[in-house]
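Engineer: The structure follows.
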Amino acid sequence: MENPIYYRVKKIFSSMFLQMFLVGVAATCIFPLLWMFGSSLKTQSTVFSDMSLFPKNPHWENYYIAWTKGEFGVYFFNSVFYTAVTVVCIVIFTSMAAYGISRLRMPGKNIIFYAFLAAMMIPIPGAFVALYAILINLGFINPGTGVDLLDNVIKRLGYILPQINQGLSLGIFMLKTFFDKIPKDLEDSARIDGCGKFGVYWHIALPLAKPAIAVIVIINVLYVWNEYLLAMLILTDKSLMPLQRGLMVFQGAHMTQYPLLMSGITITVIPIILVYLFMQRQIITGITAGMAKG
Amino acid sequence: MRKTLLSIFVVFLIGLSGCASKQASTVESSKKVVVWHWLTDRQDTFLELAKMYKEKTGVDVVFELYAPSDIYSQKVRAAAQTDTLPDIYGILAEKKDFSSFIKAGHVANLTSYMEQNNNEWKDAFFIKALEVNIFESGNEFGVTPGIYGAPLDVMNIQMLYNKSLFKKAGLDPENPPATWEEFLEAGNKLKAAGIRGMVSGWGEIWLIGCFAYDYAFNIMGEDKVIATLRGDVPYTDPDWVTVFRLFEDMRDNNLLASGIVTMVNKVAEQAFANERAAFGFNGSWGVNVYYGMNPNLDYGVMLPPAYSSKYPMRVLGGPGGSFMVNNKSSNREKAIEFLRWFTSKNQQAYLAKETRNLPANKESLSVIPPILSHFADDMDGTYHWNNLPVVEKPQVTEMFSKGIQAIIIGEKTPEEVASEVQALKERL
């Protein structure tokens, strides 16, 4: 039998090694963000010559220039709106569909489920031309109603709907696996208490699926917030474009204005970091629960 | 609960309709000439020019920017398939794809407009810039002969040298090396002064191949280069071995910056702009890049120093972007008129001044920045791989360039590389 001191020392060393490893991993994650922030305060000429992480003479005005030159005011509102609407719709539609597929008796529900799974294999960029043709034929790209306000509503919907569609498959897949695990007894007792089908979904299933919903929210927030290609394809009016359009102003074919680009990226990253900070507990629970079930 | 839902619905509706744009949408408007482009760094200047045109003619021109270029290309293709192309646009594709747009009726034939008033519009361009938009009679694509686009700019790739570093090394900044011997001597002087020699994006193999071809034209002439591409002259020919040996010479005379074989062009541009190398090998687009990184950079442009006096030194060059007019547009005539104005002397000079790119209109050279003028001086003597009657196989081109990289790092001799390239060509 070995000395208990041996175990204690072993535990301390292995814990130290683990902590050091985790600090190293965390540093590799944080370093690009710090570098981005530091670069955003340099000038176009010092960004390549000043290798310090934080410049001696920070150019805070880069943020003002990036905000105004990139017209971030309009784009910021658009991105917040697109992200909020798309994510809310995805959560509502996927939770309803997943609950229906998981708990309700209906013919062909497995076929529908597998069809959604198959749709996950088709990335939007692979279907750009077809999508463009469909949206043109449905009148989402050039509505031409003659009323600016109505035209804008239709064009925005033309951008939001494909993104909701894109988010459905993964959401349904994740939530169905959660709903499958809910004990039937819970539903039965809710019914005894007078809940209908929708009541069971709303009062029982949905609250239990919060961790999974948090993961769906963060995945889709990231996707919609960073979406750019679809906007370029579908939207023609600059005032309807999302935030990523503002970043493009700083990147030319041969020339990139790095400090302004970094300022712009810092601005765009802040909301994502905030969303993650507010929801991190649910996200971690959701991911670990998914792993345990998987 | 109901009130909350109602408020959310109202916010949603406001959001959907929010920021109602005064800017007319693109394709549906027939009063405006709509231009789609991918040139991010020129958007502001394009908008200024549109403003000038509006003041002059009363016609509204809307420039819509869609970048990067790959997504722009997808948008153009999708719009072509749904007949929703704008009045003016660019096609970023090989000539074969370009021809399919023409055959589908999406591109207006500009020949009659170009040839009006004794070829006034046509002759204003560098022929090298226009070539890419011309389909000759009997062309392999079956396209009706004609000119199907107006070029915006041109480019060529030359050598650049830092005048301040030249002075430090005791070299004459007004007389850069003109011969190969002078070039090698400059390398040793720079080394003695502790200054790095040449930087270039030779990690991107096309640039290293471009440098080699410049010297192939100088050493053996165009006919022999073409004969090699056809397979009539082997790469083991002494002239080709001489081309390969030039890289060995440069390495041995300290002309190449360390790490040049893995250097991407953006890194090379940074090094040259920040005065960390005396020579650069880069395209005319670099003028704008260097200005952005170091506006005070004092540098000159020179042809690569000639190795032989038998044939002229030629550099790779050709068109930049071009604009086409939508043949199905109800604004066709307005669009052509705008394009004519847009590519004329004053507007091209303005564009060159503001964006520091080489204009396609040769009449504007007298009023563009001097450094661009130097690039433009050699435009007529440029060559382009796509315009040669024969094109080398991609595998051979790759081995050719990688072989040169191997010579620079001392892995292979020029003779070995010549034999390997030839063996591959014969195998394919």
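The values are calculated or read from the model by the stated rules, or taken from the named source; none is laboratory data. Treat the numbers as computed from the prediction; the structure is a model and nothing was measured. Backbone-built Cβ (ideal geometry, glycine too); neighbour counts: all protein chains shown. Side chains are part of the model used for accessible areas, which takes the heavy atoms of the whole protein and leaves out ligands, DNA and RNA. Shrake-Rupley method; radii C 1.70, N 1.55, O 1.52, S 1.80 Å.
Engineer: Can you work out the Karplus-derived ³J(HN,Hα) for every residue in region B:69-80? Use 6.51 cos²θ - 1.76 cosθ + 1.60 with θ = phi - 60°, whole Hz, and x for glycine or proline.
Structural biologist: Once θ is set to phi - 60°, the couplings for region B:69-80 become 4, 5, 6, 4, 4, 5, 5, 5, 4, 5, 5, 5 Hz.
Engineer: Relative contact order for region A:61-293: what is it in percent, counting Cα pairs under 8 Å that are at least 6 residues apart?
Structural biologist: 35 percent
Engineer: Quick one: check the C-alpha center-to-center distance for region A:193-249 versus region B:126-194, whole angstrom.
Structural biologist: 51 Å
Engineer: Here's another thing I want to ask about it. Under 5 Å between amide H atoms, partner at least 5 residues away or on a different chain: which partners does B:VAL154 have, H built in plane at 1.01 Å?
Structural biologist: For B:VAL154, the qualifying residues are B:GLY320, B:LEU358, B:ALA360.
Engineer: So, one more: Any chance you could list P(r) for chain A, counting all Cα-Cα pairs in 5 angstrom bins from zero, rounded to whole %?
Structural biologist: Taking every Cα pair in chain A, the percentages come to 1, 5, 9, 11, 12, 12, 12, 11, 9, 7, 5, 3, 2, 1, 0, 0, 0, 0.
Engineer: Any chance you could tell me what percent of the C-alpha pair distances in region A:46-197 go past 26 Å?
Structural biologist: Of the Cα pairs, 53 percent sit more than 26 Å apart.
Engineer: Another question, if that's okay. With unit charges on the beta carbon (Lys/Arg positive, Asp/Glu negative), name the residue among A:MET106, A:THR288, A:GLY158 whose Cα is farthest towards the positive pole of the charge dipole of the protein assembly as shown.
Structural biologist: My answer, from the dipole projection, is A:MET106.
Engineer: Can you run phi through the Karplus equation (6.51, -1.76, 1.60; θ = phi - 60°) for region A:183-193 and list ³J(HN,Hα) in whole Hz, with x for Gly and Pro?
Structural biologist: Residue by residue, region A:183-193 yields x, 5, 4, 4, 5, 4, 5, 5, 5, 4, 6 Hz.
Engineer: Hey, another quick one. Search the structure for amide H atoms under 5 Å from the amide H of B:TYR383, placed 1.01 Å from N in the peptide plane, and list their residues when 5 or more places away or on another chain.
Structural biologist: B:VAL315, B:LEU316, B:GLY317
Engineer: Right, another one. Which order do the peptides A:18-26, A:193-201 come out in when sorted by mean C-beta neighbours inside 10 angstrom, highest first?
Structural biologist: A:193-201, A:18-26
Engineer: Report the full-extension gain for the segment A:ALA26 to A:LEU229: residue separation times 0.36 nm, less the Cα-Cα distance, to one decimal in nm.
Structural biologist: This chain segment gains 70.0 nm when fully extended.
Engineer: Given an 8 Å cut-off on Cα distances and at least 6 residues of separation, report the relative contact order of chain B as a percent.
Structural biologist: Here the relative contact order equals 22 percent.
Engineer: Moving on to the next point. Under the definition of partner shielding as Cβ atoms of other protein chains within 10 Å of a residue Cβ, what is the mean value for peptide A:77-89?
Structural biologist: Per residue, the number of nearby Cβ atoms from other chains is 2 on average.
Engineer: Just the number please: accessible area per residue for chain B, 1.4 Å probe, all protein chains included, in Å².
Structural biologist: 42 Å²
Engineer: Which value, in debye to the nearest 20, gives the size of the charge dipole of region A:61-293 about its Cα centre, when Lys and Arg are +1 and Asp and Glu are -1 at the Cβ?
Structural biologist: Its charge dipole is roughly 580 debye.
Engineer: To the nearest 100 Å², how much accessible surface do chains A and B cover up together, summed over both, with a 1.4 Å probe?
Structural biologist: 3600 Å²
Engineer: Put +1 on the Cβ of every Lys and Arg and -1 on every Asp and Glu Cβ in region B:310-352; which of B:TYR350, B:SER322, B:ALA335 then has its Cα farthest towards the positive end of the dipole?
Structural biologist: With unit charges placed on the Cβ atoms, the residue in question is B:SER322.
Engineer: Sticking with this structure for a sec: By average Cβ neighbour count within 10 Å, what is the ranking of B:91-101, B:47-57, B:177-187, A:244-254 from highest down?
Structural biologist: A:244-254, B:177-187, B:91-101, B:47-57
Engineer: Would you tell me the mean number of C-beta atoms belonging to other protein chains that fall within 10 Å of each C-beta in B:34-40, as a whole number?
Structural biologist: Average per residue, whole number: 2.
Engineer: So how many Å³ per residue does the convex hull of the Cα atoms of chain B work out to?
Structural biologist: Once divided by residue count, the hull of chain B is 204 Å³.
Engineer: Now for a different question. From zero up to wherever the largest Cα-Cα distance of region B:94-146 sits, split into 10 Å bins and tell me the percent of pairs in each.
Structural biologist: 23, 53, 23, 1
Engineer: Next question. Quick check: pseudo-label points 7 Å beyond the Cα along Cα→Cβ at B:THR57 and B:ASP252, how many nm apart are they?
Structural biologist: My value for the distance between the label points is 6.1 nm.
Engineer: Distance cut-off 32 Å, Cα to Cα: go down the list B:LYS103/B:LYS224; B:LYS310/B:LYS402; A:LYS176/A:LYS238 and report the pairs above it.
Structural biologist: B:LYS103/B:LYS224; A:LYS176/A:LYS238
Engineer: Which residue fluctuates the most in chain A, going by a Gaussian network model with Cα springs under 10 Å, if the choices are A:TYR114, A:TYR99, A:TYR82?
Structural biologist: A:TYR114
Engineer: How large is the accessible surface of B:ASP60 in square angstrom, using a 1.4 angstrom probe and rounding to the nearest 10?
Structural biologist: The accessible area of B:ASP60 comes to roughly 50 Å².
Engineer: Charges at C-beta only: +1 for Lys and Arg, -1 for Asp and Glu. How large is the resulting dipole of region A:149-211 about its Cα centre, in Debye rounded to 20?
Structural biologist: 200 debye
Engineer: So what are the ³J(HN,Hα) numbers for region A:112-118, from phi and the Karplus equation (6.51, -1.76, 1.60; θ = phi - 60°), rounded to whole Hz, Gly and Pro as x?
Structural biologist: 4, 4, 5, 5, 5, 4, 5
Engineer: May I pose another question? What is the distance in Å between the Cα centres of region B:376-428 and region B:337-370?
Structural biologist: Result: 34 Å between the Cα centres.
Engineer: Give the ranking of A:LYS10, B:LYS163 by solvent-accessible surface, highest area first, calculated with a 1.4 Å probe.
Structural biologist: The ranking, largest first, comes out as A:LYS10, B:LYS163.
Engineer: Something else about it: So for the protein assembly as shown, what are the equivalent ellipsoid semi-axes in whole Å, largest first, each being the square root of 5 times an eigenvalue of the Cα gyration tensor?
Structural biologist: 52, 36, 26
Engineer: For A:143-155, what's the mean count of beta carbons from other chains sitting within 10 Å of each residue's beta carbon?
Structural biologist: Other-chain Cβ atoms within 10 Å of each residue's Cβ, averaged: 4.
Engineer: In chain B, if the dipole is taken from +1 on Lys/Arg beta carbons and -1 on Asp/Glu beta carbons about the Cα centre, which of B:ALA150, B:ALA67, B:LEU303 is farthest to the positive end?
Structural biologist: So the residue furthest toward the plus end is B:ALA67.
Engineer: Where does the protein assembly as shown land at 222 nm, in deg cm²/dmol rounded to the nearest 500, when only DSSP H runs of n ≥ 4 count, each adding -39500 (n - 2.57), divided by all residues?
Structural biologist: For the protein assembly as shown, the value works out to -18500 deg cm²/dmol.
Engineer: Also, quick follow-up: Dipole magnitude of chain B about its Cα centre, charges +1 at Lys/Arg Cβ and -1 at Asp/Glu Cβ only, in debye to the nearest 20?
Structural biologist: 1700 debye
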